[in-house]
Amino acid sequence: FFKSDKKLNFEKKWFQIQYLDKNERYSQRIIYINEIIIEKTKSDPVKERILLKANCLLRNGKIRHFNVNRIQGFAEMSEDFIKEFVISKA
């Protein structure tokens, strides 16, 4: 789902993700995806790593980067969430 050719499906939108960090710790996050970043891996320049640059509510809205391969599950947040939490708090 989180691939550059489908970025219109997820950029500038809110998602809840289930994420496994590099230390194998599981967490649930609510993120606002700003952009997709595709970079070559250091060990193999042919392989790419896909990252999401996003504001993370678990980290007080700070920008974080999420490796797409570590996302265990996801769901787009409902319009009710956006109206209640995002727009009413602005």
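The values are calculated or read from the model by the stated rules, or taken from the named source; none is laboratory data. Since this is a predicted model, take the numbers as computed values, not measurements. When we count neighbours, we look across all protein chains shown, and the Cβ atoms used for this are built from the backbone with ideal geometry, even at glycine.
Among residues that are at pLDDT 90 or above and closer than 16 Å to K3 by Cβ, L57 is not included.
For the residues I17, I31, the requirement of being surrounded by 12 or more Cβ atoms within 10 Å (Cβ to Cβ), touching a Cys at 6+ places or on another chain (Cβ under 6 Å) and of a type outside the set (K, R) singles out I31.
Among the residues of region 73-81, is there at least one that is surrounded by 15 or more Cβ atoms within 10 Å (Cβ to Cβ), of a type in the set (G, A, S) and at pLDDT 90 or above? No, because not a single residue in region 73-81 is surrounded by 15 or more Cβ atoms within 10 Å (Cβ to Cβ), of a type in the set (G, A, S) and at pLDDT 90 or above.
Out of the residues in region 34-63 meeting the condition of being among the polar types (S, T, N, Q) and within 22 Å of M77 (Cα to Cα), tell me which one is surrounded by the most Cβ atoms within 10 Å (Cβ to Cβ). The qualifying residue surrounded by the most Cβ atoms within 10 Å (Cβ to Cβ) is N55. Of the listed requirements (1) modelled with pLDDT of 90 or more; (2) closer than 16 Å to F1 by Cβ, I30 misses just one: (2). Selection of region 1-48 for residues being in a loop (DSSP other than H, G, I, E, B), farther than 18 Å from R59 by Cβ and among the basic types (K, R) yields K3, K12, K13, K42, K47.
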